[in-house]
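Below is one structure; the comments refer to it alone.
The values are calculated or read from the model by the stated rules, or taken from the named source; none is laboratory data. Treat the numbers as computed from the prediction; the structure is a model and nothing was measured. We place every Cβ from the backbone using ideal geometry, glycine too, and count neighbours over all the protein chains shown. Quick note on the areas: whole protein, heavy atoms, side chains included, nothing else; ligands and nucleic acids left out. Shrake-Rupley method; radii C 1.70, N 1.55, O 1.52, S 1.80 Å.
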There are 2 protein chains.
Amino acid sequence: MSNSTSGQAFAKHDHRHCIKAALKQASRICGERNGRLTAQRKRVLELVWKNHKPVGAYAILEQLRAEGFNGAPPTVYRALDFLLEHGLIHRIESLNAYTGCAHPGEQHTGQFLICSQCQRVAELDDPKVKTAICNSAALLGFEADHQVIEIRGLCPQCQDH
Amino acid sequence: MSNSTSGQAFAKHDHRHCIKAALKQASRICGERNGRLTAQRKRVLELVWKNHKPVGAYAILEQLRAEGFNGAPPTVYRALDFLLEHGLIHRIESLNAYTGCAHPGEQHTGQFLICSQCQRVAELDDPKVKTAICNSAALLGFEADHQVIEIRGLCPQCQDH
DNA sequence: AATCGTTATGTTATAGTATAACAACTTCAG
DNA sequence: CTGAAGTTGTTATACTATAACATAACGATT
Ligand SMILES: [Zn+2]
Ligand SMILES: [Zn+2]
Ligand SMILES: [Zn+2]
Ligand SMILES: [Zn+2]
């Protein structure tokens, strides 16, 4: 089961559950695949999950340094690469930033709703969207493989005023 | 009328027509809006349209320098910003690169098919895709504004072998 | 426990992408 | 001609990401 219902990022919720669930899932998935969720990788994953706002590699680095870690960019990028490879986080191309995956372990390619105001991101995985794209691509004989879908707009809470 | 039928990028065609049409449209659109298509901006647009492969800002800079221009990054980025603002080019987020717009002047947000092998890009504007996304977003109360859609895969010609 | 290949991390330097800030020049309406 | 707006030049710097090589931790095997 997923650790985050679609769109939950925009609803009021106890985010500690998100974090806890994400770590638990990560642990399980790494166990199944012989991936080693080391302390650093785990810490980076926690920082990515700190909230539903995508976070940049250098922001993570700053956090780690604030905690006494004395490291350099490659350390962070390696951790991020590991987490990406195991499907525990996604990269948001239009932000050069990273966000926790809401459906870890399941094979998928996320679709992201990004609030222009509060920066929070919700991950969707709507098969209709995927189908529409694949159909459209197929008409041109294009064989779709991976999709980057990042939608900017206003989340429910930021539409108010 | 658009200067490039959807998906033409992947078909055999006389690309000189693409370039010529793009420049003509650009000239018209800038005229209508009191945008000044200066020599530099025009040259950058030509370089972006050199083929259907997105091109990076620094690659453009190199080209310009090879032509005797002795400039710096801001010049290129300013030209790109101008062209983006007037809807004459698009930015491909997942490549940090720029590509000519196939429907300049028309209000739209492109959807891009990017061949992983030959790097060529075709621009779509499928209303079904847009609708599917907007519907999906609306279910969460999210008001979609701008969409980044970049599909990786293999173009018809690169699927052969 | 000692060994050894594999994986992970440390470290330094550098590549690649983008913008800030200010100066000089061009254009064009009045 | 003149002044305001827009454009380009120039220098420096911020931000994002990786190359390359050294060291350390791990884990299976002996
Ligand atoms: Zn949460
Ligand atoms: Zn918001
Ligand atoms: Zn063409
Ligand atoms: Zn191709």
Shortest first, in nm, what separates the label point of B:Q107 from those of the same position in the other copies (7 Å along Cα→Cβ)?
4.1
Could you give me the ³J(HN,Hα) list for segment A:113-129, computed from phi with Karplus coefficients 6.51, -1.76, 1.60 and θ = phi - 60°, whole Hz, x at Gly and Pro?
9, 10, 6, 5, 9, 9, 6, 6, 10, 10, 9, 10, 8, 7, x, 5, 5
Who wins for biggest fluctuation among B:L140, B:L88, B:L45 in a Gaussian network model of chain B, springs between alpha carbons below 10 Å?
B:L140
Accessible area (Å², per residue) of the protein assembly as shown, counting only protein heavy atoms and a probe of 1.4 Å
51 Å²
Using Cα pairs under 8 angstrom and six or more residues apart, how large is the relative contact order of chain A, in percent?
25 percent
Phi to ³J(HN,Hα) by Karplus 6.51 cos²θ - 1.76 cosθ + 1.60 over segment A:134-140, Hz, x for Gly, Pro:
4, 5, 4, 5, 4, 4, 9
The protein assembly as shown - charge dipole about Cα centre, Lys and Arg +1 at Cβ, Asp and Glu -1, debye rounded to 20:
540 debye
Cβ-based charge dipole, the protein assembly as shown, positive-most Cα from A:G110, B:G68, A:G35
B:G68
Segment B:29-58 to segment A:104-144: how many Å between their Cα centroids?
30 Å
Percent antiparallel among DSSP beta bridges with both residues in chain A, to the nearest 5?
65 percent
Antiparallel DSSP bridges in the protein assembly as shown: what percent, to the nearest 5?
75 percent
For the protein assembly as shown, what is the calculated [θ] at 222 nm in deg cm²/dmol (nearest 500), taking -39500 (n - 2.57) for each run of four or more DSSP H residues and dividing by its residue count?
-13000 deg cm²/dmol
Can you compute 3J(HN,Hα) from phi for each residue in segment B:52-57, using the Karplus curve 6.51 cos²θ - 1.76 cosθ + 1.60 with θ = phi - 60°, rounded to whole Hz and x for Gly and Pro?
8, 9, x, 10, x, 4
When each copy gets a label point 7 Å from Cα toward the beta-carbon at B:Q159, what are the spacings between them in nm, shortest first?
3.8
List the distances, in nm and shortest first, from the label point of A:H17 to the matching label points in every other copy, placing each point 7 Å from Cα along the Cα-to-Cβ direction.
5.9
